[in-house]
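Asks: Starting off with a structure, shown below.
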Amino acid sequence: SNISVGHCFCFRGGAELLFDGVKKHQVTLPSQPEPWDIRNLLKWIKQNLLKERPELFMQGESVRPGILVLINDADWELMGELDYELQDKDNVLFISTLHGG
């Protein structure tokens, strides 16, 4: 099905400061022919949610080192990382483990 369903993207550990301090975003992604994967999601977040200093969140097409990504409370490394295809109502949590600076 190509019906867009809401997702929750959460930012913690200081990562929310790049998103106007908003920790939780309920988002309905635009429908597109191919499934949304994390690679496309990160691009979308960078263009639509990220308010400042994208270099603190992104490095290349992935998150920068020091940002932990959890998909439904599981480490994204177990889920295929950038290639993981978002499912309906997935929760994606980004936690910055970098402090100060």
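Asks: So which residues in the stretch 24-46 are charged (D, E, K, R) and either open to solvent by less than 50 Å² (accessible area, probe 1.4 Å) or out of contact with any Pro (no Cβ under 9 Å at 6 or more places or on another chain) (or both)?
Replies: Scanning the stretch 24-46 gives 24, 34, 37, 39, 43.
Asks: Filter the stretch 47-73 for residues that are surrounded by 11 or more Cβ atoms within 10 Å (Cβ to Cβ) and not in a loop (DSSP other than H, G, I, E, B) and give the result.
Replies: 48, 54, 56, 58, 59, 62, 63, 67, 68, 69, 70, 71
Asks: How about the stretch 9-41: which of its residues are touching a residue at least 40 places away in the same chain (Cβ under 8 Å) and either in a loop (DSSP other than H, G, I, E, B) or under 16 Å from residue 72 (Cα atoms) (or both)?
Replies: The answer is 9, 10, 11, 12, 13, 14, 29, 35, 36, 37, 38, 41.
Asks: Follow-up. Restricting to the stretch 85-101, count the residues that are open to solvent by 30 Å² or more (accessible area, probe 1.4 Å) and either basic (Lys, Arg) or in a loop (DSSP other than H, G, I, E, B) (or both).
Replies: 8
Asks: Does residue 79 fit the bill of being buried (at least 16 other Cβ atoms within 10 Å of the Cβ) and farther than 16 Å from residue 12 by Cα?
Replies: Judged against the criteria, residue 79 is a match.
Asks: While we're on this one: Would you confirm, using the coordinates I've provided, whether residue 96 is of a type outside the set (Phe, Trp, Tyr), touching an Asp or Glu at 6+ places or on another chain (Cβ under 9 Å), touching a residue at least 60 places away in the same chain (Cβ under 8 Å) and at negative phi?
Replies: Yes: the conditions hold for residue 96.
Asks: Answer yes or no as to whether residue 14 is in contact with a Ser or Thr (Cβ under 7 Å, 6 or more places away or on another chain) and surrounded by 16 or more Cβ atoms within 10 Å (Cβ to Cβ).
Replies: So residue 14 fits the description; yes.
Asks: Identify all residues within the stretch 30-52 that are of a type outside the set (Val, Ile, Thr) and touching a His at 6+ places or on another chain (Cβ under 9 Å); write none if there are none.
Replies: Across the stretch 30-52, the qualifying residues are 36, 41, 49.
The values are calculated or read from the model by the stated rules, or taken from the named source; none is laboratory data. Computed from a prediction, not measured in an experiment: that's the story for all the values here. In this analysis, Cβ positions are derived from the backbone assuming ideal geometry, glycine residues included, and neighbour counts consider all displayed protein chains. Keep in mind that these areas ignore ligands, DNA and RNA; they rest on the heavy atoms of the full protein, side chains included. Shrake-Rupley method; radii C 1.70, N 1.55, O 1.52, S 1.80 Å.
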